[in-house]
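We did not get these values from a lab; they are worked out from the coordinates using the rules stated. Because the structure is predicted, anything quoted here is derived from the model rather than measured. Reconstructed Cβ throughout: ideal geometry from the backbone, glycine too, with neighbour counts over all protein chains shown.
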Amino acid sequence: MTTHAQTQHPKARSWFFSAMGLVAALSIFVGFGRTYAAPMVRGTFEGPRILHVHGALALAWVLLFVAQPLLIRRRAFAAHRALGYVGLPLALAVAGTMVPAGLYAAIRDSQAGLGSVAVSSLLGVVTSAILFVTLVAAGIIVRRDREAHPRWMLLATLLVIWPAWFRFRHWFPNVPRPELWFGVVLPMAWVMIAIGRDYFVRGAIHPVLLFAGTALIVEQGFELWAFDTPAWRAAAGAVFAWLHPGA
């Protein structure tokens, strides 16, 4: 039996993903406004080149995510496919620069006296890099599936902009437990919005969002629960020693 979702014109499906991409881009500009953009304008930002490189690559990924469904709307399928070839190397570059950027932050924060929390944060960076590449790879594997492909890429995008959402705590310093509200609730709310949109627009939640989206929410909740516990510190310490031998 043919469902409404199956007969829906491709143009009717694409606005949502571009809109989510624009939300992701906005989160970057707002989230990093105080900690990166403003200091850069004032000339007071201090940090290695890898931070700039990683930021530029992550922004390029988000812009790619915005552009691809727009190309579908314009029926520019050849351009969509050509630009799609950039996806995997760009994702690998984003993940590859994520780790040294996280290592720098861990060393900086450790020297600033944050103790085990500084090193513990590095483990979350590494898991995020692995999950991001995994989600992108899944999206590439099913790239001919017009329903599954954008949902995998959406999850990857929502994961990679997590640091932007977490930096909202600098705009709202009085919010209690920022690691909960800005580290889990706010970033993962967009996964729930995607799930809800599927349910109300398609009449059913697509399996990518139902299973992978739910798994991502659970994983982020687990990281909040396990963060800086003895087991987490041990694992983070091993990763730190491997990435920064002799420390």
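For the stretch 190-247, which residues satisfy the criterion of being of a type in the set (Phe, Trp, Tyr), more than 19 Å from VAL136 (Cβ to Cβ) and free of Cβ contacts under 8 Å to residues at least 24 places away in the same chain?
TYR199, PHE200, PHE222, TRP225, TRP242
Looking at HIS80 and the list (1) touching a Phe, Trp or Tyr at 6+ places or on another chain (Cβ under 9 Å); (2) closer than 19 Å to THR157 by Cβ, which single condition is not satisfied?
Against the list (1) touching a Phe, Trp or Tyr at 6+ places or on another chain (Cβ under 9 Å); (2) closer than 19 Å to THR157 by Cβ, HIS80 comes up short only on (1).
Does VAL86 fit the bill of being surrounded by fewer than 17 Cβ atoms within 10 Å (Cβ to Cβ) and out of contact with any helix residue (DSSP H, G or I) (no Cβ under 6 Å at 6 or more places or on another chain)? Spell out the reasoning first.
Details: surrounded by fewer than 17 Cβ atoms within 10 Å (Cβ to Cβ): yes; out of contact with any helix residue (DSSP H, G or I) (no Cβ under 6 Å at 6 or more places or on another chain): yes.
Yes; evaluated as a whole, the condition is true for this residue.
Do the conditions hold for ILE50, that is, is it in contact (Cβ under 8 Å) with a residue 40 or more places away in the chain, surrounded by fewer than 20 Cβ atoms within 10 Å (Cβ to Cβ) and either out of contact with any strand residue (DSSP E or B) (no Cβ under 7 Å at 6 or more places or on another chain) or of a type in the set (Lys, Arg) (or both)?
Spelling it out, ILE50 is indeed in contact (Cβ under 8 Å) with a residue 40 or more places away in the chain, surrounded by fewer than 20 Cβ atoms within 10 Å (Cβ to Cβ) and either out of contact with any strand residue (DSSP E or B) (no Cβ under 7 Å at 6 or more places or on another chain) or of a type in the set (Lys, Arg) (or both).
So which residues in the stretch 80-120 are within 15 Å of LEU51 (Cβ to Cβ) and of a type outside the set (A, V, I, L, M, F, W, C)?
GLY96, THR97, PRO100, GLY102, TYR104, ARG108, ASP109
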